[in-house]
Structure formats: C-alpha cells, structure tokens
2 protein chains.
Amino acid sequence: MNAYAALEQKFARIACLNEASSMLGWDASAMMPEGGAEARGEQLATLAGLAHEFLSAPDIGEALAAARPETDWQEANVGLMREAHIRATALPRELVEASVRAGRACESIWRQARKDGDFAAVRVALGEVVALTRESAGILGKALDLAPYDALMSQYQRGITAADAEAIFTRYEGFLKDALPRAEALQAARTKEELPPGPYPEAVQEALARKLAAAAGLKFSSARLDRSAHPFCGGTPTDIRITTRYDEADFASALMGVLHETGHALYEQNLPAAFRRQPVGEAAGMAVHESQSLIVEMQAVRSDAFLGHLAPLLTEAFGKTITLGGLKNRLRRVQRSFIRVEADEMTYPAHVLLRFRLEQALLSGDLAVADLPGAWNDGLHSLLGITPPDDRQGCLQDIHWYDGAIGYFPSYTLGAMAAAQLMAAARRALPDLDDGFARGDFSGLSGWLARHVHGLGSSLGYNEILAAATGEALNPAHFEAHLTARYLT
Amino acid sequence: MNAYAALEQKFARIACLNEASSMLGWDASAMMPEGGAEARGEQLATLAGLAHEFLSAPDIGEALAAARPETDWQEANVGLMREAHIRATALPRELVEASVRAGRACESIWRQARKDGDFAAVRVALGEVVALTRESAGILGKALDLAPYDALMSQYQRGITAADAEAIFTRYEGFLKDALPRAEALQAARTKEELPPGPYPEAVQEALARKLAAAAGLKFSSARLDRSAHPFCGGTPTDIRITTRYDEADFASALMGVLHETGHALYEQNLPAAFRRQPVGEAAGMAVHESQSLIVEMQAVRSDAFLGHLAPLLTEAFGKTITLGGLKNRLRRVQRSFIRVEADEMTYPAHVLLRFRLEQALLSGDLAVADLPGAWNDGLHSLLGITPPDDRQGCLQDIHWYDGAIGYFPSYTLGAMAAAQLMAAARRALPDLDDGFARGDFSGLSGWLARHVHGLGSSLGYNEILAAATGEALNPAHFEAHLTARYLT
C-alpha cells in the first residue's frame, strides 16, 4: 500500500470513531435515560482519546512526509490531514489537559454565576481559560503560520481571516446604524397582525415539520427527527439525526428549528461520497455549515413565495386561520434585544460583532477579564443603543468563552452573509426558484446547493467556495440587499 | 501503577469500546434508518477490531505475567483476563478471518435455503463452517486445556462441561417420555378456556408492560423500552435498553417478552459496581443470564399467584374479561411442535437436547453434514414422536450453526433448569414469596437474586453459583418438580 492510501485508511478509522461518538452524542441528548450519563461520558472520552491518539501518532507524520497525492482532491486531503496532525501534536499534553480542566471548571462555575448574574464569581476562572487559550493560540499560530486568533478561528472555519471579517463587520456596523431605525419605523407604521392563540398540538407540528423537511430534501430513509432540549443536527451523512423541541403555544419555533436543522442535514447528506470519512469529504466549516441552515430557514422558508404557500398549509393542519400577514409578523420582525439567540436576522450580527471584537481583545490582552462586563455593555449600547440591565443578560448569557470556545462566534454571521450571497447567485442561475418556493418545491435550490456547495466537501475554504459558486469572495452587499428588500421596502 | 492496576485500566478501555458497540447495536435494531446500515457496519467493525487488537496486544500478556492480585475477586478477574487474552491470541489470524468469511457466506446462503426448504443448497457452506469451527475448537481446547467442544461451550458459559450437561439431558429425556403424555392427557381432560379476541391496543400493551417491568424491578431512570423486530436486552448496566414487538391480536407475546427481557435487565442492573468494566464484574454467562430471564418470565410471572394478580389488571386495562383460566390456557400449555422458539417449557429442552447432541457429532465428525437432515428428523421423532414435514421446519430453522455459533444451544436449557432450582431456593428462604407475587410485588425475589446471583458477577461459574445460592450444583430434580407441579397435578 502506498503512503497516501495508508493515510486514507488511517483517517477512515479515526472517522469511524468520530461517527460512533456522534451517534452516542445524539443518543445522550435524545434517548438516554439520566442514569446513563456517567457511563456515556466514559465511552465518549475513550473514543475521543483513541481518535486523538491515532491522529497524533508518529506513523501519520511519516506517512504524510512520504505521501504523493495524485489529484487535486488528494492534494487537498493531504493538506487537511497535515493540519489536523499539526493541531493534534503541536500542543504539549499538559497544556491540553490544563485547558480541558480549566474549561470544565469555568463552565461549571458559570452555570451558577449566570443564574446569580454574578460575573465576579467566574472572573478568575475565565481568566484562567483565557490565559490558557492565549498560550495555545500562540503555539498553534506558530505551527500553522497564522496569527494567534486566526489559528483559533480557522479550527471552526478555514479560508477567511479575522482581518477579512473585521472589514465586513465594520461595513455592517455602518449599514445597521442607518437601516435599523428605518426598519423599526416602517414596522411601527404597519398594522400588527397577530397569529391566533394556541394550543398548536405537538403531534400536528411534528407531522408538518416532517412533511416540510422532506419537501426541502431531507431523505428520511437516511435520517431521523426526534426531540431534545437543545435542537441540533448530528449523526453521519447516511444516517442524519436532527432534533427539535415543541412549544404548543407557538408552532413557529419547532417548525423553523426543524427547517434550520434540515439545511444542515442536506449539506451532510450531499457531501462527496467518494471521499467519505476523509477530511476533504467533510463539510467545509462552521460558517459554511451555518450558511446552509440559514439559506433554508432564513432565505427560502421566510421568502414571500414560500410563506404564501405555508399559510394555507398551516391553516389546514391546525384548523385555525393563519394569515400571511400574521406569519410575516411572527417570522420577520426586527427588535433590539439583549439575548443573541433570540435576535432577529438584522440585529443578530451586532451580537456577533460585539463578541468578535471582545474575544480578540481578551486574547491579545488589550481587554482585562475584569473589564469585560463594562466593555460588553458599552459595546452593545454603541451598536444597538440598549444596555443590559444585568450581566445575566449581558456577558454571562452564552456558554462559549466560559467553556473555552474562542474564535467560534464569527461563523454565525459569516454564515448568514454567505447564505444571502448564495441565494442571490441561485436566483440568478434559476430565475424560477421563487415559483418553486410558492409551490413548496425546494428542489431547484437543493440541487443547486448540492452542486455548488455540498459536493465540494472541504476541498475549498470559505471564500473559495463563495467565489466558485457566486463569482466573488464574500461581499456583504448581498446580505444588505436581502435585509433592505425584506425590511426596508 | 502496579501490573494488576494497569490490567484493570486496559480492560476498562476495552469494555468502553464494547459498551459503545452495544449502544450502537441497540440503535441499529431500534432506531436507525435503513440508509445507515452500511456505515454502522463499518463503525461496529472498527470498534470490534480495536477491542480485539487491545485484548490480544503483547502488553496484556506481560501485565498478566507480572500481576499480583490481592483479593479473591482480583484473582478471579485475572483468571478471566487470562482466558480472554488466550482466546484472543490462540487462533491464527487467517483462521479467524476464514471463519468470519465462512460464517457470513453460509448465513447468507442459509437465508435463501431456509425459504426454499433446500438443505442441499447450504450443505457445502455449512461443511466449511463446521470444518473451520472444528479446527478452532481444537486449538482453543489445547490452549485452555479443555476438550474441543467444551472450549466452544465455555465461551458462552463457564463452569459446566458437556459431560455434565449430557447426564442432565439424558435424565430429562427419561422424564419427558413419561411426563409429556400425562400432561397432554390432563390438558385434554380440562375445559379449554379461550381469551377474548383482540384487538389489544398497542399503547395499552406498552403502558402495562412498562408498569409490570417497573414492578419487577426495572429502573426506568437507567433503562428504556423500545420496539425492534427481534426482542433483546442490550445497553450497559446503568443504561439498559430492552425491546419488544407488539401484536394487537395477542397481548401475551409482548408482555411475556418484556418480562423476559426485564429478567435479563435486572441481572445487568445489579452487577457488582465495584468491578464495573472488569471481566469479573460482568454477567457469568449465557446460561446464568437465561436463568434470570426465565426465573422472571416462567417461574414468577407464570406462577398461580401472579397470574391471579394479573388477570384483573388485564381486564381493567383492556376493557375485556380476562379470566385466570384463559390466561393459564394461553401461557401454560404443552404442545409437541417443530419450531424451538415456539415451544413450551416442557418440550423446549427436547429441541435443545437434539441440537446439543447433533452439534457435538458434527464437530467430532461422527455425523457428516450431508446426514444432518435425516439425523435431525430421527432425533426429533425419538424425543417428541413427531417428524418435520420439511427441513425448513427441521434443521434449517435456526440461524445458529449456519452463522458459526456452536456450543450455544445448551445454555437455554441450563438456564431453564437453573431458574427452577433458584426459585425453589428462594421459596425456601422467603416463605412469603408467592404472597408477594399475588400482590404484584417482586421485590422479595429480585432482592434475593441480587444478593445470590447478580452481585456475584463472573466471580463464580455456573455450578458454583448454583451451589452457593442453593446448596447444590445443578440438580434437574427441581426443574422436574416445577413441571410436575405445573402440568401434572
């Protein structure tokens, strides 16, 4: 066996372990009785430990040095293998273990601190997490020839730097200053159409969610939909597991949630089968993944065309009159708010921008951990003109940072902007796309995405995928045009 | 770390991989969409391959040589580790691979051959399986200092030999000759009380099954009940997964099935936690496991006392009159039949005895594979006085043998007989046991089993467990007394 083929085999074994972990993770959230938690933790730790052991083993380094890839895809695959091997070996074991311990300890303290709105309680623990992350970022950056923050950011999304993102965010900041008050004024001037009060029976919601997910392209012969406290998309490309939660007072949360996860699922389903279990055959990163959930949930499903199709479907399913106006009011409202996960699509990037800047400042040391609450409140006020009444609704609201995840937040907005740009390109390529949405037919969009995004796997990075699919790297004008069309006309 | 502690750590890692496999196996049967089958096969093969690799690694051999166990349990643990290591290393890799291939090929041919009732079609493939199994049994026997068939039998159940079992089966054969016609005559003389026709709604069956399983001791905080084509008990001690299937025409099959699996589950739930993930902390073998499912399903649930409690419960749940007589007629009838899995408890051992003798003859070469159908039919006729009309209802009925499992069948009857003996001992120790059953209270029995069987793990073998719990090695008189009391009075 030549060195390249041996590498493929080694990475396929690692991928099998990760697939097992993914299924067991799904089970832990959707099926497992509480008594199983401790044993599951051990099982997952064993699988993750083995995957890391194999990935960092010297035989991988030797095979990487000897491998002679013969195609562009093989070349890209080897590049990704090399990066993964470097990431797995660059950090001293003591630093990795200290980071895991610090993240766990801080997360645990944060849970109580958030309840109490007491940032001081978690300050020292967060300082420890930040210090260790800074050390890791420096080492990884050297090994990968990246700036420290980029070394963190690129583990979530390759192919775009913090400098690229900063330019995009700065432009958005200017757009928002003008657009938000105008959108609010237009919204206030319109009659507010309400949806009829619930209950919206869970079983009806679920049947409808299944029907719409299937219409959007989810193959239930290779997928399941179940319940969990926090919705997610897991599993493997031929065995996708999506979850949601139901609220009988509000059908929209589960329905939009399922369609969001369906977007993620379509990506996984359509990854290049020839490179299954290879790094180059995986999804291209968190931002591209989020673009796929948002192009379904935000771009297609919330389009005028599809909402016009959806309203009578909902009316029939629930036996209550759901008007198009009521749906639009529920699904397309701007609202300045403190909590990121509740934000609308126009203000959401402001929450991300705030965190993006703060986490870079924390990492560089320009911002002391003790000064985070003040910097947070000032930042949010500068962006949205509102100030959180307490840290619970401020810098304590998200688990990220406290669990050690730094560099992850930008993916949300890079995803939303990519979704708008991809949708604009799909509409140019397929002029009757919205006619399809008006009939509940997503096949035009899903086929286009399968060809231009899903099928590329990780062969390209973020901006390269956008360039290949749309003719240009990320251009925030498309996101602005989308928001303008939806909220400012 | 001393050598013994290192061994414990190595075996715990192997056990974690096996736990992951067990959960993924449950998922494949109870949850997985069909599209996931191929990927799941790869995941399971990877996990099994790693477990085997770790178990057979030289460092285990070295640690076994150096280990100085300090307690009886540690001593027993090391003994089981040594046996597992020998089993994992004794066979040449080529022979293992050839056996796996032969078993898979034969099983696949058997599926069609059974449909067609065409033994000739699978004869050559079965011959290959038998020849390879003979070779393996010879090598394992030498390595473990056991007779070849005992080397196979002991991988399913330690602590009893084929010679012990033969004596027991011969005695049963004599008992059956006399008892079966008498039981049939008594049964024919009684009025046959029928249960009311269905439907028995699945949801009601399931609710009742859950209630009764919980009453029998199943902790649903550490267990699930789901559906699968073939009922089983899987999972791990703190996260048990039992399954059943429902037939709306007949509530008894699912209900008895769930209570059978509950017996298995109680055993797993009550294994010694101090030796979790160690060989000595596992269940003692297939026969002891089967004794635990049967002591619940056959001994306790089908007792006069419990059926008297169950009849009004069923009547209330289904809104149909279920009489005690109807229940007894459904759950306690003898019937000569061709198919093992449909057999009653009096004739079931005859099916096992037949296979036990035939598989030994195949393995030794005394019986040629080509002569199996005739030997089967003669054997069944000699035991039960009936002859299968075709091989589909004869030697083609079971997957075992064709998939390479030889030495497994005796466990069923060794389990049934142990269940009768354990129940007799529990009744001696707890004179009010049946008063509890009459109230639907299994706590006396489950507590006694936890102390005398479950908590012992694999520290003792089959006959040793019986001796410790009941004062004697297996004595078939208890099974005969049970059948006599239930069917001959």
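The values are calculated or read from the model by the stated rules, or taken from the named source; none is laboratory data. Note that the structure is a prediction, hence the values are computed from the model and not measured. So basically every Cβ, Gly included, is an ideal-geometry build from the backbone, and we count neighbours across all protein chains shown.
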When you go through (1) touching a Pro at 6+ places or on another chain (Cβ under 8 Å); (2) in contact (Cβ under 8 Å) with a residue 24 or more places away in the chain one by one for A:Leu152, which number turns out not to apply? (1)
Residues of region B:174-204 being surrounded by 15 or more Cβ atoms within 10 Å (Cβ to Cβ) and farther than 20 Å from B:Gly325 by Cα, in sequence order, are B:Phe175, B:Leu176, B:Ala179, B:Leu180, B:Pro201, B:Glu202, B:Val204
Residue selected from region B:159-202 under the condition modelled with pLDDT of 95 or more and basic (Lys, Arg), by the criterion farthest from the chain's Cα centre (by Cα): B:Arg182
Could you please let me know if A:Val334 is assigned to a helix (DSSP H, G or I), surrounded by 16 or more Cβ atoms within 10 Å (Cβ to Cβ) and among the β-branched types (Val, Ile, Thr)? no
Looking at (1) over 23 Å from the mean Cα position of the chain (by Cα); (2) over 22 Å from B:Arg241 (Cα atoms); (3) not β-branched (Val, Ile, Thr), which one does A:Asn18 not meet, given that it meets all the others? (1)
I'm checking my understanding of the structure. Among residues of region B:22-31 that are within 7 Å of another protein chain (Cβ to nearest Cβ) and touching a residue at least 60 places away in the same chain (Cβ under 8 Å), which one is farthest from the chain's Cα centre (by Cα)? B:Met31
Filter pass, B:Arg245 being within 14 Å of chain A (Cβ to nearest Cβ), in contact with a strand residue (DSSP E or B) (Cβ under 8 Å, 6 or more places away or on another chain) and either among the basic types (Lys, Arg) or crowded, with 24+ Cβ neighbours inside 10 Å (or both): no
If you go through region A:461-473 one residue at a time, do you hit one that is in the same structural domain as A:Asp434 (by TED's automatic domain parsing), at positive phi and not aliphatic (A, V, I, L, M)? yes
Just give me the residues in region A:224-240 being within 13 Å of chain B (Cβ to nearest Cβ), touching a residue at least 40 places away in the same chain (Cβ under 8 Å) and either within 22 Å of A:Gln278 (Cβ to Cβ) or touching a His at 6+ places or on another chain (Cβ under 9 Å) (or both), in sequence order. A:Gly234, A:Gly235, A:Thr236, A:Asp239
Residue pairs qualifying under the 8 Å Cβ cut-off, at least six apart or on distinct chains, with the first in region B:36-49 being among the hydroxyl-bearing types (Ser, Thr, Tyr) and the second being assigned to a helix (DSSP H, G or I) and buried (at least 21 other Cβ atoms within 10 Å of the Cβ), are B:Thr46/A:Cys16; B:Thr46/A:Leu17; B:Thr46/A:Ala20
Please go through (1) closer than 17 Å to A:Ser228 by Cβ; (2) outside any loop (DSSP other than H, G, I, E, B) for A:Met32 and return the number of the only condition it doesn't satisfy. (2)
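Determine whether A:Ser291 is of a type in the set (S, T, N, Q) and surrounded by fewer than 24 Cβ atoms within 10 Å (Cβ to Cβ).
Working: of a type in the set (S, T, N, Q): yes; surrounded by fewer than 24 Cβ atoms within 10 Å (Cβ to Cβ): no.
Taking the combined requirement at face value, the residue does not satisfy it.
Looking at B:Glu34, B:Glu19, which is the one that is at the interface with chain A (Cβ under 7 Å from one of its Cβ atoms), under 29 Å from B:Leu7 (Cα atoms) and charged (D, E, K, R)? I'd like the intermediate steps shown before the answer.
Values: B:Glu34 fails: under 29 Å from B:Leu7 (Cα atoms).
Checking each option against the conditions leaves just B:Glu19.
Checking the condition within 25 Å of the chain's Cα centre (by Cα), surrounded by fewer than 22 Cβ atoms within 10 Å (Cβ to Cβ) and within 23 Å of A:Gly374 (Cα to Cα), which residue from A:Arg134, A:Arg104, A:Arg123 passes?
On the way: A:Arg104 fails: within 23 Å of A:Gly374 (Cα to Cα); A:Arg123 fails: within 25 Å of the chain's Cα centre (by Cα).
Only one candidate qualifies: A:Arg134.
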Residues to consider are A:Thr484, A:Thr470; find the one that is touching a residue at least 12 places away in the same chain (Cβ under 8 Å), among the β-branched types (Val, Ile, Thr), more than 16 Å from A:Val352 (Cβ to Cβ) and out of contact with any Leu (no Cβ under 8 Å at 6 or more places or on another chain). A:Thr484
Given the conditions (1) surrounded by 15 or more Cβ atoms within 10 Å (Cβ to Cβ); (2) in contact (Cβ under 8 Å) with a residue 12 or more places away in the chain, every one holds for B:Gly141 apart from (2)
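Only one of these is hydrophobic (A, V, I, L, M, F, W, C), out of contact with any strand residue (DSSP E or B) (no Cβ under 7 Å at 6 or more places or on another chain) and more than 24 Å from B:Met153 (Cα to Cα): B:Leu384, B:Leu460. Name it. Reasoning before the result, please.
Numbers: B:Leu460 fails: more than 24 Å from B:Met153 (Cα to Cα).
Criteria check complete, one pass: B:Leu384.
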All but one of (1) in contact (Cβ under 8 Å) with a residue 12 or more places away in the chain; (2) not assigned by TED's automatic domain parsing to the domain that holds B:Phe11 hold for B:Glu97; which doesn't? (1)
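Under the condition of being aliphatic (A, V, I, L, M) and part of a loop (DSSP other than H, G, I, E, B), which residue from region A:42-89 is nearest to the other protein chains (Cβ to nearest Cβ)? Full working, then the answer.
Of the residues in region A:42-89, the ones aliphatic (A, V, I, L, M) are A:44-45, A:47-48, A:50-51, A:55, A:57, A:60, A:63-67, A:76, A:78, A:80-81, A:84, A:86, A:88.
From what's left, part of a loop (DSSP other than H, G, I, E, B): A:57, A:67.
Details: A:Ala57: 14, A:Ala67: 22 Å.
Going through the qualifying residues, I end up with A:Ala57.
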Does A:Leu24 satisfy the condition of being closer than 24 Å to B:Ala39 by Cα and touching a helix residue (DSSP H, G or I) at 6+ places or on another chain (Cβ under 9 Å)? yes
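Among the residues of region A:427-457, count how many are among the hydrophobic types (A, V, I, L, M, F, W, C) and either touching a strand residue (DSSP E or B) at 6+ places or on another chain (Cβ under 7 Å) or in contact (Cβ under 8 Å) with a residue 60 or more places away in the chain (or both). Step through it out loud before you land on a result.
Kept after step one, since they are among the hydrophobic types (A, V, I, L, M, F, W, C), are these residues of region A:427-457: A:429-430, A:433, A:437-438, A:442, A:445, A:448-450, A:453, A:456.
Within this subset, residues satisfying the condition of being either touching a strand residue (DSSP E or B) at 6+ places or on another chain (Cβ under 7 Å) or in contact (Cβ under 8 Å) with a residue 60 or more places away in the chain (or both) are A:437-438, A:442, A:445, A:449-450, A:453, A:456.
Summing the residues that are among the hydrophobic types (A, V, I, L, M, F, W, C) and either touching a strand residue (DSSP E or B) at 6+ places or on another chain (Cβ under 7 Å) or in contact (Cβ under 8 Å) with a residue 60 or more places away in the chain (or both) in region A:427-457 gives 8.
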Tell me yes or no: at least one residue of region B:229-251 is modelled with pLDDT of 95 or more, more than 30 Å from B:Leu64 (Cα to Cα) and polar (S, T, N, Q). yes
When you check A:Ala477 against the structure, is it within 18 Å of A:Glu345 (Cβ to Cβ) and among the small types (Gly, Ala, Ser), yes or no? yes
List the number of the failed condition for B:Ala51; all other conditions in (1) crowded, with 19+ Cβ neighbours inside 10 Å; (2) over 27 Å from B:Thr238 (Cα atoms) hold. (2)
